[in-house]
Amino acid sequence: MRVHIASLQRELIAYAKSIGVDKIGFTTAAPFMELKNRLRRQQELNYQSGFEESDVELRTEPTLLLDRAESIISIALAYPSRMENAPLGKKGARRGVFCRASWGVDYHVAVRERLQKIEAWLQERVPTVAIRSMVDTGELVDRAVAERAGIGWSAKNCSVITPEFGSYVYLGELITNIPFVPDTPIEDECGDCRLCIDVCPTGALIEGGQLDSKRCIAFLTQTKTMLPDEFRTKIGNRLYGCDTCQTVCPKNKGKLNWIHEEFTPDPELAKPLLQPFLHMSNKEFKTTFGHVSGSWRGKKPIQRNAILALAHFREEAAVPELIELLHKDTRPVIRGTAAWAIGKIGTPEAEEVLLLARSKENDEEVLAEIDKGLQFLR
């Protein structure tokens, strides 16, 4: 490959900045040996979410993903930590919240666009180049690549923290056969701080850098089954994701990151009214929320979470629609969650409604939720 690597690398860094990449770093395609041990330990402890690639070798051996791989290019795009004109919920008009990573356009789309432009740029200059790019859903662990490429350090909250933008960054990477000069990793600056571990609502952060994904609210809000009892009062009004371990981090203080227009949230979508989710059709959901990353699992998890949020607020105005869901919805998870919420809110008609539903219900899981609702009333 006859190309001046240092010159190409300098030009690539400048090009990346020109297309809206906030940070770019380089590392080798060597195996991620320490990560390999951590991932195996995660599997032994059953801490993985199930959304990630299960093959540890593929997650830690870049040469298995691209033949003759020499380097990995890591990129980061900053996203905002605060919105302007955030609407306030009130009695009769309660609101839920999508995490910051679901504000604005789906980050998978935004990061992938930059990666594709970088691919095309490299192919134009080095016709023999081999490239494989990925963002979030690829085999490699984005955070591990970013850490080794000097983008930031891997923090106790399992995010990558950059000095410039805090942990509010989206990550993506390209594996290539061009032997770029690797960057030096950044020193860990978490020190003795353990705020993120101490305030995690479900105790999902076991220790610095180790996460029990199945207890993480960000994961739980994406599940489609009945939410386990112990987490129902902990998700509050979160519809998708959780930002607690980021918002308490001292390294994120003052990092507003109002940089990319495409990530500017529509306040009515980032903090939407809860009750419309109770009667929203799939088509309406896709039309309204289809462009945000929080929509990827469809309407059902968001609708279930909206029901739990209304129960969290004990929102009596929602009870008529919850009763309708309990009697008419075809999905056991929605009927069961509605029954639980009706009992939790506890309006005068709740007992009669739940007893009637119990006399007609055939699903064992829903019957169990009706009984839990009745227990609240007794």
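The values are calculated or read from the model by the stated rules, or taken from the named source; none is laboratory data. Just so we're clear, the structure is a prediction, and the values are computed from it rather than from any experiment. Backbone-built Cβ (ideal geometry, glycine too); neighbour counts: all protein chains shown.
Quick notes
- Hey, Arg95 touching a residue at least 60 places away in the same chain (Cβ under 8 Å), among the charged types (D, E, K, R), crowded, with 20+ Cβ neighbours inside 10 Å and on the phi < 0 side of the Ramachandran plot or not: yes
- Scanning the range 42-71 for residues that are assigned to a loop (DSSP other than H, G, I, E, B) and under 20 Å from Arg132 (Cβ atoms) yields Glu52, Glu53, Ser54, Asp55, Glu61, Leu65, Leu66, Asp67, Arg68, Ala69, Glu70.
- In the range 250-277, the residues that are under 16 Å from Tyr107 (Cβ atoms) form Cβ pairs under 6 Å with partners that are of a type in the set (Val, Ile, Thr) and at pLDDT 95 or above, at six or more places apart or across chains, as follows: Glu262/Val105.
- For the range 36-60, residues that are within 17 Å of Ile206 (Cα to Cα), of a type in the set (A, V, I, L, M, F, W, C) and either surrounded by fewer than 14 Cβ atoms within 10 Å (Cβ to Cβ) or more than 20 Å from the chain's Cα centre (by Cα) (or both) total 1.
- Residue match in the range 357-364 (condition: crowded, with 22+ Cβ neighbours inside 10 Å and of a type in the set (Ser, Thr, Tyr)): no
- Members of the range 78-119 that are of a type in the set (S, T, N, Q) and either outside any helix (DSSP H, G or I) or more than 23 Å from Lys251 (Cα to Cα) (or both): Ser81, Asn85, Gln116
- Pair list, Cβ under 7 Å, 6 or more apart: the range 281-310 residue at negative phi and buried (at least 22 other Cβ atoms within 10 Å of the Cβ), other residue among the β-branched types (Val, Ile, Thr) and in a helix (DSSP H, G or I): Gln303/Ile334; Arg304/Val333; Arg304/Ile334; Arg304/Thr337; Ile307/Thr337; Leu308/Thr337
- Residue within the range 61-74 that is free of Cβ contacts under 8 Å to residues at least 60 places away in the same chain and buried (at least 17 other Cβ atoms within 10 Å of the Cβ) present: yes
- Scoring Tyr15 on the criteria (1) assigned to a loop (DSSP other than H, G, I, E, B); (2) closer than 23 Å to Ser133 by Cβ; (3) in contact with a Lys or Arg (Cβ under 9 Å, 6 or more places away or on another chain) leaves a single failure, condition (1).
- Residues of the range 212-231 satisfying the condition of being aliphatic (A, V, I, L, M) and assigned to a loop (DSSP other than H, G, I, E, B): Met226, Leu227
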